[in-house]
Structures are given as C-alpha cells and as structure tokens.
Amino acid sequence: MPLALITPNLKPLKPLMFKPKVAFYWCASCGGCEETVVDLAEDILGVVEKVDIVLWPVAMDFKYKDVEAMPDKSILATLLNGAIRSTEQEEMARLLRRKSQYMIAYGACAHLGGIPGLANQFTREHILKFNYEDGPAMANEKKTRPQLVTEENGRTPRLPALTNVVRSLDQVVEVDYYVPGCPPTPKITRAAVTALLENRLPPKGSVIAPDIALCDECPRKATKPANISFREFKRPHQALMDPQKCFLAQGVVCMGPSTLSGCEAACISGGMPCTGCFGPTSRVRDQGLKIMSSLCSNLEPKDEQGISAVLQGIPDPIGTFYRYGLARSLLRRKVNLPTD
Amino acid sequence: METRKNEPVRIGFYVCHCGVNIAHMVDVEAVAKYVATLPNVVVSRNYKYMCSDPGQEMIQTDIREQRLNRVVVAACSPLLHEHTFRGATEAGGLNPFYFQMVNIREHDSWVHTDRLEATRKAMALARAAIQRVPHHKPLEVKKVPINPDVLIVGAGIAGIHAAITMANAGKKVCLVEKEPSIGGHMAMFDKTFPTLDCAMCVLSPKMATVGSHPNITLWTYSEVVKVDGYVGNFKVTVRRKPRYIIEDLCTGCQECVANCVYKEPKFPDAFNLGLGKRKPVYMPFAQAIPSIAIIDPEVCLNFKRGKNPDGSYTVSDKCKKLCVVACGDRKAIDFTQKAVDKEITVGTIIMATGFKTFDPHRTPYYGYGVYPNVYTALELERVINASGPTEGHLVMRNGKEPKRVAIVHCVGSRDENTNRWCSRVCCLYSLKLAHLILEHTDAEVYNFYIDMRTPGKSMEEFYNRVAEEGMHLVRGRVADVYPDPNDTASGRLIVQAEDTLTNRILKIPVDMVVLSVGLEPRPEAEDLRRLFNLSCSSEGWFLERHPKLAPVSTFTDGIFLAGCCQGPKDIPDSVAQAGAAAAEAFSLIDKGYVEQEPNTAFVLAEECSGCKSCIPLCPYTAISFNEETKKAVINEALCKGCGTCVAACPSGSIVQNLFEDQEIFSEIDGVLAPLPQ
Amino acid sequence: MSDSTNKTPDGKWTPRIVAFFCNWCTYTAADLAGVSRMKYASNIRVIRLMCSGRVDPQFVVDAFAKGADGVLIGGCHPNDCHYVEGNYKCLRRYQMLKRMIADMGIEPDRLRLEWISAAEGEKVRRVVNEMVETVKQLGPLNIPCKFEEWDKEMEALAGHVAHSQSAAGAACPDHAKPQTAQTAHV
Ligand code: SF4
Ligand code: SF4
Ligand code: FES
C-alpha cells in the first residue's frame, strides 16, 4: 500500500508564516535513531530550513529549563526515540508531551519498547547486579553501583533512577504518531516529516508505514511456496542460505509476515531475515503471538513429540518473536517479577 | 430496518426463566437489572419462556417501538434456539445476525449448585454478549442448491426401508452394502416378536423391491472409502470389491455352484455362522439379493493362497474350472476381476450400518467356544430356521435334540465388565426363542433373566402369552456354566445361578445353553465415523444431534441415522427410524437448497501481504494465491468457516464472519469485567 | 479495582477460567453435561468458537492479561475435528504457547488443552473441576493488578511534572500561542 493511501487529503503547501518548532529527544536507545535524523537533516536540508529546532541534545545545547519555560503546546512536534526506563526519561517525555502539539514515537524503542524492552524479562536488581557485578566484562571489585544521591564537594548531584519496567513511549504519555523501525529508514522518516510539515496527517495513532506486512514488498516473495510445512527451524548461521529464496522456505524464522512493511526489505536484501522492528499491523494486538500462530500452524508433525522436536529449533521464543515488541506485547513484562 | 453506520447501538436484552429451569438457580431479575446498567442497553427484561410466541413477540415489539438494533437473549444453548431467536430478530425487522445468544441453562443453571455464583456467572456471560453485539455486522444466509440423490450405507432392514421410501418418491438412491447380499441381521432371524411372523416372509418382498427398483442403484459387496464435500453436495467414493462373477452377466442359475470341482460343500458358511457349509463358489443364501453367485478366493483352487499386500489375489490357474464350463456362454465368471472405485455425488446420506452381536468369548464363564452345546441366540435362530443348516430341526452339534435348554439373558448387556447398556431386544427375543424351542421340541426351557424388560406396543402381552406356554422363568444372573461332573459323556452342562426371588443357588443340568447376546456398535463404526465426520457416544453408537428433538439427525448436516447404528432397537423401531431419516432427507432435498451459516472467512484484499501462510492450512483448499494480485483469496463456496486460517494469518488480514477478532476480544473482556459486589 | 474482580461477594478469591470450546465437540459436550444435570465448578466462562483451530494465541494471552486465572481450550479428539485438522493446528500453537507463557512467568498449568468429544459430558465436568482445583492451588494470577502495581512507579513523577508545568502553561504569553498544525501553515 503506498504511503499516499494513509495521507489522502493532499493540500498544496502554503508558504509558512513562521517556522514551526520541532524537538528531538532520545531516551533508552542505542543512538541509531539519532543517526538517522542526522542523515536526514543532510538529506533534506530544505525541510530542516523550514523548522526551528528547539531541542536536540545530541547536536545542540539546550537545557531542561529552556523547555520548561516554553508555553504548553508551543512545539509543533517532538520526535522522541528510545524506550522509557528511567525517571529522567519519563520526566522528559511528560514535559515534552505537554509542550508539544504532536508527540511522535520515533523508532522501534519508542514505538514498541525495542531491544531495551527485552529487559522486561528480568528484575531491576538482576540487571544492576549483572551490569555492575557479574557481567563478564566487569572489573568492579568493590561492586560499586551508581548512587541516586551522592555528596561531593558540598554538592548533592542526583542520578535518575532506573525504573522496574521498560516502557514504550505510549505507555507513559499519549502518542500521536509512530515512526517505526530500528532505526526508521530515511524514506519512512521523510514521509513522516513531510506529512507533518505539509499537514497531511493520517488519523491519530497511526504508524507511519503501509499497513501491510513485509512480504508485500519482499524481493524474495515469489520464492515462497504455497504449501509450506516446517520440519525444522534453523537459525541463519546454522545453514548455508540460498540468497534468493524466502527465508521461511529455508526453515529460518522470518518475522516479515507479521511485520509492517515500509523498510523496503532492507534486512532481507542484506541477507538477514526480518526480525520484526516495524511492529505489527493495525489488525494485530500482539506481533509475537501472531507470527508464532502462523509458524506453528504450518508445522509438519501432528503428534506431540514431533511437534515439540520441531519447536526445539526456536530455543528462545521470547527473544525471537518479541525482539522489539516485548514491552508493548499483551503481557508487557514477565508477570511474576516483583517491583520494588 | 438495517442499522446505518454511526447509528448508536441500541441493545435489547432478554433473560429467560425457562419455567424454573433457569430461574431456580439464576436470579434472572438481578441479571436483567445488572445488564440494564451496561452501555448501549436500552431494554432489559426477564420473561418466563422467551422461546414462546409471546416471548418472541416481545422482542419484535421492542425492536419496533424502542428502535432496537441489537438483540441478546440469555436462555438455553444456542445449539437449541439460536435459530428461533434469529428468526424473531428478523421478524422484528432486523438482520438476524444482529442477535447473540447467551447459554445460561446448559452451561449454568443446570450444572451449578450455588445460586449466587450461578447468577454472577450469568451476568458475566451476558456482559460478554452485550459487549460483543455492537461489533456484529448484517450478514446473509447463503443458499446452496442440493443434489437430490441420496446415499444409503447399509442394507439391513433400516437401509432397505429408507431406500424404498426414497426411491418410491422418485429420488435416486445409491444403496451400498458391505456383504454380498442385502438383508442384514433380519435375514438371519427365524421369526420375529411379538407377531411371530417369519422374518424372511416379511423381508424378502422388500429385498426383491430393492433389487428391481429403477430408482435404486444397489452396490453390494462394496464399501465407502472416501467422503468429501458437504450437505447438498457430498462426493463419495465407493469401492466395489471383486466377487469374481460379473454381476451383469450372472443370472443366478447357480450352475457354477453345482458343477464346482468340490462335490460337497466344505467351507464354513458365514450366513449360517459357520454352522453350515458352502463351496468356494456359492450363493450367500437362497433369497439373496442380488441373486448373484460369489467366489471366495481364499479357498477357490483357481487362486493362490493368501492375499497380496494390496488385498488382491493371484490367479493360479490350477483348477479345471468346471464352473466356467457350466456358466458357458453367459461368461459371467472372471477370475481377474479387480476392486473398482466408483465416485458418486449425492446431496444427503443415510447411515444404516447396523450393529454386531456381542462376542461371548468375552464372558468365558459361559463356556462359549469351549463347550459345543453353548450357542448364541443368533446361532439358534439359524438352527431353528427352516432354511438353516439343519433345515429347521432343533438339533445340537452332536445331532441330538436337546431335552433341557437354558437361555441366559443379558450376555454382554447391563454388565459392568462388558457393556453397561440394555440391548433392548434380548428379553423379547429370548422369550421368542423359548417359544420356538417349545414349538419344535418337548424340551424344558429355562430363561434366566435379571429383569424382564418388555416395553413397547404389544410386548408385555407377548410376554404374558408365551410365559404361559410352560417355560421356566428364573430371576437371576447366571454365574457359571460347566460340564456336569456326573455325566461327562453326553456333554451335559450345569447352569449355576442365584434365584433372587427365593434366594437360592440353583444348579440346573441342561443339554443346551443359549446366550442372549446383546447388541454392540460394529467394529468398523469408528472408521465410518471418521469417514463421515460423525460423532459417537462413549459406547460407540453414532450420536444423534439431539436425543429428543433431532433423533435421526447428526452434527454433520445432511447425514441421518437409521436403525441400530444409532443404538439398540427392534425391527419396528428401526423401520420407523428409517422412515424418519428418509423424511428428514426429503425435507432437505425438496427445499432445493441448503442454507449455509455465513460464518465463512474472507481475506482483506488491500491488507493481505501475500505471505501464503494461510494457504496450506485450509482443509478444504478454499484458499488460493492469486498470481495477478499476489494475494490470497478465499473461495467462499468452499470455506466451511473453521477459522483456522484467521487465527494463523500473521498480519491479521483474514476475517471470519460471526467470529471476528474484535467480537471474540470483546467477549473475553466481557466475561472478565468486574461485576457488582 | 481489578483485584476485586476475582472475589465473590463474601470477599473470598475464587479463580476465573476462560474457556474456548469448539462448537462441534466440546461445546456440545458441555451442553450434554447440562442436559445430564452434572454438577461442576462455576468458575468457568465458555466462549464458543467453531473449531479449536480458531483459537488465536492472542485470545489466550489476552484472557490472562484481562484477569483470567486459567484458560482452558477444548476441541475434538485427534482425527475427529469437524474441519478435519483444526485441532492439530491448535495443538501445535498450544505447545509453543505453553513455553512462551512459562517464559513470561505464567505457570504453564494455567493453560490446558483437552480433547473432549460431543459425548463426553462427564469429561467436561471432570476437566473443569480439575482445572479449578489446579488453579486454586496456584492462587490468583491477576495480571491487571500487576499492571497497576508496575505503573505505580510512574504516579509520583506524573504528579510532579503536571504540577510544575501547569504553572508554566498558565503563564503562556500572548505572542506564543500554542502552535497547532493549522496555525503553523497559515
Ligand atoms: S496469511 Fe494473511 S497475509 Fe498471508 S497470504 Fe494469507 S491472508 Fe495474506
Ligand atoms: S476459515 Fe477454515 S475453511 Fe474457511 S478458508 Fe479458512 S481455513 Fe479454510
Ligand atoms: S471442530 Fe472441534 S476441534 Fe475442530
């Protein structure tokens, strides 16, 4: 489905009276999203010229106070990337929500919780302990951990606290649009920014990507047989892969059938199966369960043992099916973990 | 009146008391009160009998006066009355699929004992429906034309009667029978209770009618091997096993039998349960229909011994083939005949596959198979039958006439260790056999019974009549049958039982023991059930759709039951049921079409990514890949609405009518929503 | 409050079990149990589907997420599915689903799949009773309450931010009226 379908009211651009204000912010993310924004800025300088960037910590010097001083809704749009997993991130998300007309979850982490969302399988204590004590690359004999409050030279600097739960942006504040991807491709980003600046916005809550799964634009689509029946599952490194053939046809889990398209099958073209970063279609509530349902339905064996043998080929279903979507899945987090 | 888009949802809710069936365990007023507080509910009522005319009218009036556009009824099972209330909804001017039913009788009031809990459950279930109906869409019932031909499986008395009934009405019937002749068990009986008329005398004219009826295609020695399709349009494959005699050429003269190299009959004859003998080429029995001989390749000299792995036999050419010579120009004998599969299309199917008698080897204490003078009732039928192996002389295997006979009731019936059910016919046929023994001999006859069960028209009278003929009736289950230690030479047996009326242990010496074996599902019933997609009761009888209201229908539309395949019954009941099954089939055929529940699935054309995940999942190959659009499409005519593909489409691009995702999610939400305290 | 929903009026917790029964076998068996007046625990809420093949794993997990303490799936015996093979598809998904819910911290015994034919009303009774017993042993799952508990950590901050910002918002100067997409383009 072309993007135009979700932005139907094409109006001619009127000259801008003044530049709309735009903010970029990052929370729990790897920085890849920022990189795309930078790429984009170079790519469509024209667009950037049309906006007034009021916050962009990675590139420009603004302070929390500056934002706080701005009137509510005075920012046209905030593009926020990263999941929310610390008090600081949460505070910024709330602040920017208040100041912005549109809050845009930018990238898989803001959209779905992303890779950081996988931390929802562990307690906060477990994570801190691993990272400051048990981790294999750790040289921290005293087992020092960051303190939320310290005294130093008469000052008391405070550190933000890690939350128990990793959240997608919309689990913290209201989100108007989602720009999917890990990271979003320039094309998707451009489409989103253009839609915003040209005021051709789809219905609130939309994900800015065609509402159809990846197979639609996959270059290997034609090689998928109509009678698939899984006898085993392999991981990409476990077999010599035919570079032309549908991954599923080769017994490798590909999330493409349950993942939004719009990335132009970038991973597939790079020789790797889709891992689901664009998230589910609008008709699906839980991306991981839906791909699981589809794959399992098509197993070959009918008996319990045979079935379970084939399924052994997927040793980590949560990590496989919820690579990006755990925080926004139906259960959100391992349900028997405590909070403190 | 159809609801337009964006028109506010206005639900009418009705909870039924079902007399006291629901109301005694569910506080229906509280349910109605609670539902009235839920969003979109405009009317919430409770009423004594919602399915009655006034109940249905209430719905219709409310639809008109309260401008309802959704209806929910909480009452019995939707499998019972969904149709009724959809009808009422439609009569009120709404699309019938704006209706939803809540099962608070079978699933609630009848199975729970705590009124408060049952009431809360009813509220939760009602809420699920209230949350579900706003998502309902108007749907249309599809009408599919029905093929007027009918398949009847099994040609015992039930199958025969159904076939003649249908054929006389001008329907084309294909009657398939596993054995080489039609007639079933009834053909083996001597006389029938309570009228004591000769079984063959009443049956053979009907058999002859079947054999000659222009509307009946009779395929004996044949089995159904495959069934595809659905009501109105079943595709059935029938395997015609080779009888090595070409049916169309055989005239039934039996000269082949007379001229067989075996001068004397030598092989146990199945029709006479092995009590008689036949040749390798034989006529199943004198009145067999079709009147066509058959060759048994297991014993015919012209075949090599033993089956090939594919079930066929190899011709040995070892025999002089005098039969072929005798057949002469008729050229009816063909040793190379092979099984042929025939495919037919029919609109309806009647199952009349009958029963088998209980195998008394499973009750070793009665000595069947050990002592030659222990017989089953069916064997006795053959022995006293004028056309049986002894030409109607009641003599035992040793050629002697018995002086004392014990008839043991309930063998393989009403027994924890074998079958728990009452086989319904044994008491009566035991009395009949006692009567026949007395008629044929001067023997003393002892009937050992647990209870004398003689229900049905004229049956108790029959009992009273024959009981006066001088037989001994002993109330007590026989515990043991063993050789008389005082008389080992004559084969005399002792029957040991407790007379429960006098509380005495009886040890009665007899010459012959007759076991009144019960009725059991046929061993192949399980395979047939799978083949025809039927259900079986836990005992193995085919399951009727409803024990009272749909006794000859099954859960598979278009398939009906007749005779003992559905449960033990006597001849009058089998015939009555066969007539009922024929009538049900008629009512379908003469309507001309079948209505199909519109619960089919469809692919959202815009949204489908063409991932093909769904295509191999459909058991009816209803889903195909459109090479032009590169998307999946469902052929609505083939889809039966299981919803498997819907659950499996990884992008949520298949929708099942009546069971849309949103509808189910709303139900889940509804049953789990907090209830008032 | 979501955690009160599992309680009977006298305040005792009692499990809630959502069941997905196929129309042809298990639902009919449950009707039969009714017609035969068998008695079983009232904790079960049956949702009728045409076939166990229609059971989307999302339904099961959604039921847990909305407060079910257990989920029971009922279908026709192997080879008996009214639609030939729907039950096999269900079985395959079920096996993976069991692993997944276990990984997500839900005791796998809270999910059960049973083949119950139309004639097995007695099995409905037994399975429901067993299931209720098992779930009683496991205690409440109550995921909605967990969601609330997890999100408590956001409450404090939400209050703080709302407070500090409403002051700023009120003092919104005239020349900097909140921007809307519309005003941005005039
Ligand atoms: S599974 Fe869904 S997306 Fe894939 S081909 Fe079928 S309908 Fe289309
Ligand atoms: S609902 Fe069932 S029958 Fe219909 S197309 Fe899907 S899989 Fe086939
Ligand atoms: S219809 Fe019962 S499981 Fe498919």
- Message: Any residue that is touching a Pro at 6+ places or on another chain (Cβ under 7 Å), surrounded by fewer than 21 Cβ atoms within 10 Å (Cβ to Cβ) and in the same structural domain as B:Ile508 (by TED's automatic domain parsing) - is there at least one of those in the range B:478-489?
- Response: yes
- Task: Just name the residue that is modelled with the highest pLDDT out of those in the range B:633-654 that are out of contact with any Lys or Arg (no Cβ under 7 Å at 6 or more places or on another chain) and either more than 10 Å from ligand 1 (Cβ to nearest atom) or farther than 20 Å from B:Glu607 by Cβ (or both).
- Result: B:Gly641
- Residues of the range A:320-340 satisfying the condition of being within 9 Å of chain C (Cβ to nearest Cβ) and in a helix (DSSP H, G or I): A:Phe321
- Query: For B:Gly643, are the conditions met, namely being outside the structural domain of B:Arg424 (by TED's automatic domain parsing), crowded, with 23+ Cβ neighbours inside 10 Å and not aliphatic (A, V, I, L, M)?
  - Reply: yes
- Task: Residue by residue through the range B:605-642, note down the ones that are within 16 Å of ligand 3 (Cβ to nearest atom) and of a type in the set (A, V, I, L, M).
- Result: B:Leu617, B:Ala622
- Query: Looking only at the range C:60-70, which residues are free of Cβ contacts under 8 Å to residues at least 60 places away in the same chain and either within 11 Å of ligand 3 (Cβ to nearest atom) or touching a Lys or Arg at 6+ places or on another chain (Cβ under 8 Å) (or both)?
  - Reply: C:Asp62
- Limited to the range B:167-210, what total is found for residues that are farther than 26 Å from B:Thr357 by Cα and buried (at least 19 other Cβ atoms within 10 Å of the Cβ)? 4
- Query: Residues C:Ala118, C:Ala63, C:Ala68: which one is part of a helix (DSSP H, G or I), among the small types (Gly, Ala, Ser) and crowded, with 20+ Cβ neighbours inside 10 Å?
  - Reply: C:Ala63
- Message: Please go through (1) among the small types (Gly, Ala, Ser); (2) near ligand 2 (Cβ under 9 Å from one of its atoms); (3) within 23 Å of C:Ile73 (Cβ to Cβ) for B:Ala673 and return the number of the only condition it doesn't satisfy.
- Response: (2)
- Query: Out of curiosity, is C:Gly70 modelled with pLDDT of 95 or more and small (Gly, Ala, Ser)?
  - Reply: yes
- So, in the range C:71-87, of the ones that are among the β-branched types (Val, Ile, Thr) and either within 14 Å of ligand 3 (Cβ to nearest atom) or part of a helix (DSSP H, G or I) (or both), which residue ends up farthest from the other protein chains (Cβ to nearest Cβ)? C:Ile73
- Item | Segments classed as strands (runs of 3 or more DSSP E), wholly inside the range B:582-637, with at least 2 members that are within 12 Å of chain A (Cβ to nearest Cβ) and either surrounded by 22 or more Cβ atoms within 10 Å (Cβ to Cβ) or not acidic (Asp, Glu) (or both) | B:623-626, B:631-634
- Restricting attention to the range B:55-94, the residues that are buried (at least 19 other Cβ atoms within 10 Å of the Cβ) and part of a loop (DSSP other than H, G, I, E, B) number exactly 6
- May I ask you to verify whether B:Cys649 is away from ligand 3 (no atom under 16 Å from the Cβ) and under 28 Å from B:Tyr98 (Cα atoms)? yes
- If you scan the range B:500-518, which residues turn out to be within 18 Å of B:Asp415 (Cα to Cα) and modelled with pLDDT under 95? B:Thr500
- Could you please find all residues in the range A:64-93 being more than 10 Å from chain C (Cβ to nearest Cβ) and assigned to a strand (DSSP E or B)? A:Thr78, A:Leu79, A:Leu80, A:Asn81, A:Ala83, A:Arg85, A:Ser86
- Per the filter on the range A:184-224, residues crowded, with 22+ Cβ neighbours inside 10 Å, under 16 Å from the mean Cα position of the chain (by Cα) and away from chain B (no Cβ under 14 Å) are A:Pro184, A:Ile188, A:Thr189, A:Ala192, A:Ile208
- Item | Residue list for the range C:113-140, restricted to those being touching a Leu at 6+ places or on another chain (Cβ under 9 Å) and either closer than 14 Å to C:Val46 by Cβ or outside the structural domain of C:Gly53 (by TED's automatic domain parsing) (or both) | C:Glu114, C:Gly121, C:Val124, C:Val127, C:Val128, C:Met131
- Boolean, A:Gly271 is in a loop (DSSP other than H, G, I, E, B) and either within 15 Å of the chain's Cα centre (by Cα) or among the hydrophobic types (A, V, I, L, M, F, W, C) (or both): no
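The values are calculated or read from the model by the stated rules, or taken from the named source; none is laboratory data. Model, not experiment: these values are computed from the prediction. Neighbour counts run over all protein chains shown; Cβ positions are idealised from the backbone, glycine included.
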